[in-house]
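Right, one structure below, let's go through it.
The values are calculated or read from the model by the stated rules, or taken from the named source; none is laboratory data. Everything numeric here is computed off the predicted structure, so don't read it as measured data. Cβ atoms come from the backbone with ideal geometry, glycine included; neighbour counts cover every protein chain shown. Heavy atoms of the whole protein, side chains included, go into the accessibility calculation; ligands, DNA and RNA do not. Shrake-Rupley method; radii C 1.70, N 1.55, O 1.52, S 1.80 Å.
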Amino acid sequence: MKLFIDSSAYIAFYNERDEKHREAEGFIDEIKKGFFGPVIFYTTDYVFDEAVTSIVSFTGRKDLALNAGEAILSSKITRVIKVDEEAFKDAWNLFKKFKDKFWSFTDCTSFTLMKRYRLATAFTFDEHYRQAGFKMLP
């Protein structure tokens, strides 16, 4: 299974005080137990930035943000996709197009790259992914 990971999932998993922490942990446990078969995670450099910045901001713990960042970067099953010039332009056009949606620019970069890489499902707690037409897990 190919699964995109949003910053909301990383934040929930690493921040024990997050209201979705137990749900994120449980979902990762299911993945580790093989309930979904082999899993490859995809994320972006923008999501990475948002996740580690938010973790340090929400928790006041730089060590936790560093641990999260190192885990993402050293993971053998995680691919960090760079937001290139074309994705940036496409994301900006998407951001401008949907005036009624309060999607962040980072969300728009994620949506753009998910489409490019044919990723239909995201591990996220952000309803914007469903609004954009993607399946959400857990």
Report task. Before rounding to the nearest 500, sum -39500 (n - 2.57) across all DSSP H runs of length at least 4 in the chain and divide by the residue total; then give [θ] at 222 nm in deg cm²/dmol. Result -> -17000 deg cm²/dmol
Query raised in the report: Looking only at Cα atoms, what is the convex hull volume of the stretch 41-98 per residue, in Å³?
Result: 93
Query raised in the report: Not counting the cut sites, what is the longest span of the chain without GluC sites (Glu not before Pro) that DSSP labels loop and that have at most 12 other Cβ atoms within 10 Å?
Result: 20-126
Query raised in the report: So what's the angle, to the nearest 10 degrees on a 0 to 90 scale, between helix 105-116 and the longest Cα principal axis of the chain?
Result: 80
Report task. Excluding residues on the same chain fewer than 8 positions from K115, give the lysines whose Cα lies under 21 Å from its Cα. Result -> K2, K82, K89, K96, K97, K99, K101, K135
Query raised in the report: At a Förster distance of 25 Å, what's the computed FRET efficiency of S57 paired with D29, Cβ-Cβ distance as r, to 0.05?
Result: 0.40
Report task. Find me the longest stretch of the chain that has none of the exposed chymotrypsin sites (Phe, Trp or Tyr not before Pro), where exposed means in a DSSP loop (not H, G, I, E or B) with at most 16 other Cβ atoms within 10 Å. Result -> 37-97
Requested in this report: For the stretch 82-138, report the translational diffusion coefficient in µm²/s to the nearest whole number, using Stokes-Einstein at 10 °C, 1.306 mPa s, and a Kirkwood Rh over Cα pairs.
Outcome: 139
Report summary line: Placing +1 on each Lys and Arg Cβ and -1 on each Asp and Glu Cβ in the chain, then taking the dipole about the Cα centre, the residue among V80, H21, V56 whose Cα reaches farthest towards the positive end is V80
**Report entry** Residue-span extension gain [D100 to K115] - 0.36 nm each, minus C-alpha spacing
**Finding:** 3.3 nm
Query raised in the report: Can you list residues whose amide H is under 5 Å from R79's amide H, if they're 5+ apart or on another chain and H is modeled 1.01 Å from N?
Result: F41, Y42, T43
**Report entry** Rounded accessible area per residue of the stretch 20-105, 1.4 Å, Å²
**Finding:** 65
Requested in this report: Loop only per DSSP, at most 13 neighbouring Cβ atoms within 10 Å: give me the trypsin sites (Lys or Arg not before Pro) in the stretch 11-42, ordered by residue number.
Outcome: R17, K33
Query raised in the report: Which number do you get for Rg(Cα) / (2.2 N^0.38 Å) in the stretch 26-69?
Result: 1.42
Query raised in the report: Near K32, which aspartates and glutamates are there with a Cα under 17 Å away, not counting those fewer than 8 places off in the same chain?
Result: E23
Query raised in the report: Using θ = phi - 60° and the Karplus form 6.51 cos²θ - 1.76 cosθ + 1.60, what ³J(HN,Hα) does each residue of the stretch 2-12 get, whole Hz, x for Gly and Pro?
Result: 9, 9, 7, 10, 8, 4, 4, 6, 4, 4, 4
Report summary line: The ratio Rg/Rh over the Cα atoms of the chain, Rh being the Kirkwood inverse mean 1/r radius, stands at 0.95
Requested in this report: Could you check how much of the accessible area of the stretch 29-100 is carbon and sulfur, as a whole percent, using a 1.4 Å probe?
Outcome: 56
